[in-house]
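Engineer: Pasting a structure here, questions to come.
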Amino acid sequence: MDKEEWQKAKQTGVYNGSDLDKKDGYIHFSEEDQVEETLKKYYPNKENLILLKVNAFQLEHLLWEQASNGDMYPHLYSSLNIRNVVEEFDLLLDEHGVHKLPEILKKYQFSRPR
């Protein structure tokens, strides 16, 4: 997510989603092992991003649905109350324009069976 969008959400207490989220009707989430692929596909070379760790057990309208690549992705069919965000990670770019993942995600770098 864009850092500016996140700062606005922190001021209001609620995140209503990006323009793409609003168009699709839900807020796009990724599991830990899906973050790297999501960043490469939708945010290549993009600066000023923040990654949020969310307590999914607190979300009432979170559904896993199949994406075009065959994987199941979580989609939130409501606004995100920022109280459900448990951690924030700045996403920096390396010299090749690839996002550096936080250490906590490095253990999830494996392929999901399809």
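Engineer: Give VAL54, VAL14, VAL35 a once-over and let me know the one that is β-branched (Val, Ile, Thr) and over 11 Å from the mean Cα position of the chain (by Cα). Show your work before the answer.
Structural biologist: On the way: VAL54 fails: over 11 Å from the mean Cα position of the chain (by Cα); VAL35 fails: over 11 Å from the mean Cα position of the chain (by Cα).
Result: VAL14 is the single residue among VAL54, VAL14, VAL35 that is β-branched (Val, Ile, Thr) and over 11 Å from the mean Cα position of the chain (by Cα).
Engineer: Take the residues of region 79-100 that are without any contact (Cβ under 8 Å) to a residue 40 or more places away in the chain and not in a strand (DSSP E or B): which is farthest from LEU39 (Cα to Cα)? It would help to see each step written out before you state the result.
Structural biologist: Quick first cut of region 79-100, residues without any contact (Cβ under 8 Å) to a residue 40 or more places away in the chain only: 84-87, 89, 92, 94-96, 100.
With the extra rule that they be not in a strand (DSSP E or B), the set shrinks to 84, 92, 94-96, 100.
On the way: ASN84: 22, LEU92: 12, ASP94: 13, GLU95: 16, HIS96: 14, LYS100: 10 Å.
Out of the qualifying residues, it is ASN84.
Engineer: Quick one: which of LEU80, LEU76, LEU91, LEU62 is under 14 Å from LYS40 (Cα atoms) and surrounded by 15 or more Cβ atoms within 10 Å (Cβ to Cβ)?
Structural biologist: LEU91
Engineer: Could you give me the residue pairs with C-beta distances under 7 Å whose first residue belongs to region 1-29 and is of a type in the set (Val, Ile, Thr), whose second residue is buried (at least 17 other Cβ atoms within 10 Å of the Cβ) and part of a helix (DSSP H, G or I) wherever it lies, and which are 6+ apart or on separate chains?
Structural biologist: ILE27/ASP21
Engineer: Just the residues that are among the small types (Gly, Ala, Ser) and loosely packed, with under 10 Cβ neighbours inside 10 Å, please, taken from region 1-26.
Structural biologist: Residues of region 1-26 among the small types (Gly, Ala, Ser): 9, 13, 17-18, 25.
Selection gives GLY25 alone.
Engineer: Right, LEU49: under 15 Å from the mean Cα position of the chain (by Cα) and either hydroxyl-bearing (Ser, Thr, Tyr) or more than 19 Å from LEU105 (Cβ to Cβ) (or both) or not?
Structural biologist: On the way: under 15 Å from the mean Cα position of the chain (by Cα): yes; either hydroxyl-bearing (Ser, Thr, Tyr) or more than 19 Å from LEU105 (Cβ to Cβ) (or both): no.
No, not satisfied.
Computed from the coordinates by the stated procedures, all read-outs in this text should not be read as laboratory data. Quick caveat, the model's predicted, so the values are computed rather than measured. Note that each Cβ is placed from the backbone with ideal geometry, even for glycine, and that neighbours are counted across all protein chains shown.
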